[in-house]
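Taking it in order: structure first as structure tokens, then the write-up.
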Amino acid sequence: MRTLRVVGLHEDGKSIVCEDPERRERFLLPADERLRAAARGDAARLGQIQNENTMRPREIQARIRAGSSVAEVAEAAGMSVARVERFAYPVLAERARTAELAQRAHPAREDGPDVRTLGEIVAHSFARRGHDYTQANWDAWRSDDGRWIVGLTWTAGCSDNRARWAFSPGAHGGTVTPLDELAETLLDPDAYRPRAVGQPVESRRTDAAADGGRVIAPIPGAVDADDASPARQVAGDSIVPEQGAVRGKKTHPTVPAWEDVLLGVRSQRG
């Protein structure tokens, strides 16, 4: 390996002139970021620059089309976000347009495509569940097998949710097919039955089989403790009087006569 010495800056102002002291041969060395990083001894930056040179624009776009974000590609390639965005912009526009078209597609049913669109059904499902549809985000990307996948992400309470459908462009908007449980649930909004506020708890049921088929209904009202009549039977949770049994007479407080109040004498009248 020959050793070169720096002669000076080339007239173009972008290259360094180097010379072989023995053979007097001169060379041009680009004064780029790699040279500056090498002069600083910055090995990490040299590695990033190497990745930038190996990840071509077509590969950047392929990764973006497959669902990667600009930040993810920039980190993987060791490139600046601004540089990746230059190549990613047309692909991101393609993904956004595909997500928009997928919302106009019709979910595939057993008896044919639904008359409603995916966007209409999902908006109805969100309304039934009390979610804010305006805060949900649609996206689309190509899978490894070349299909377009459309995804919806939203937050409900403390949970982050994601539903995915396979999108097949075609006549009348094309069709979509659910790829996970959440996607299937959103396509069936009428299956959601919210519990009514203030709905009474179902009353206790008596197992008829355990009681010989006889259903015993409790009789309302308190039992008179002074009624010592033996003619009572206990049946389940109720107390039922026998035939002919007489209920105890209800007593009321005696109201004193007017003359008793005036004279201060208790009347003997009952």
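Every read-out reported here was derived from the displayed coordinates using simple, explicitly stated rules and does not represent laboratory data. Source: prediction; values computed, not measured. Quick reminder, even Gly has a Cβ in these numbers, built from the backbone with ideal geometry, and neighbours come from all protein chains shown.
Using a 10 Å cut-off on Cβ atoms, rank the peptides 128-141, 34-47, 92-105 from the highest mean neighbour count down.
Working: 128-141: 14.6, 34-47: 12.4, 92-105: 17.3.
Going from most to least packed, we get 92-105, 128-141, 34-47.
Counting neighbouring Cβ atoms within 10 Å and putting the fewest first, the residues Met1, Met55 line up as Met1, Met55. As a rough footprinting exposure proxy, the listed residues Glu85, Glu75 were ranked by other beta carbons within 10 Å of their own, and the order from fewest upward is Glu75, Glu85. You can think of it this way: the chain between Cys158 and His172 has 1.3 nm of extra reach, that is 0.36 nm per residue less the Cα-Cα gap.
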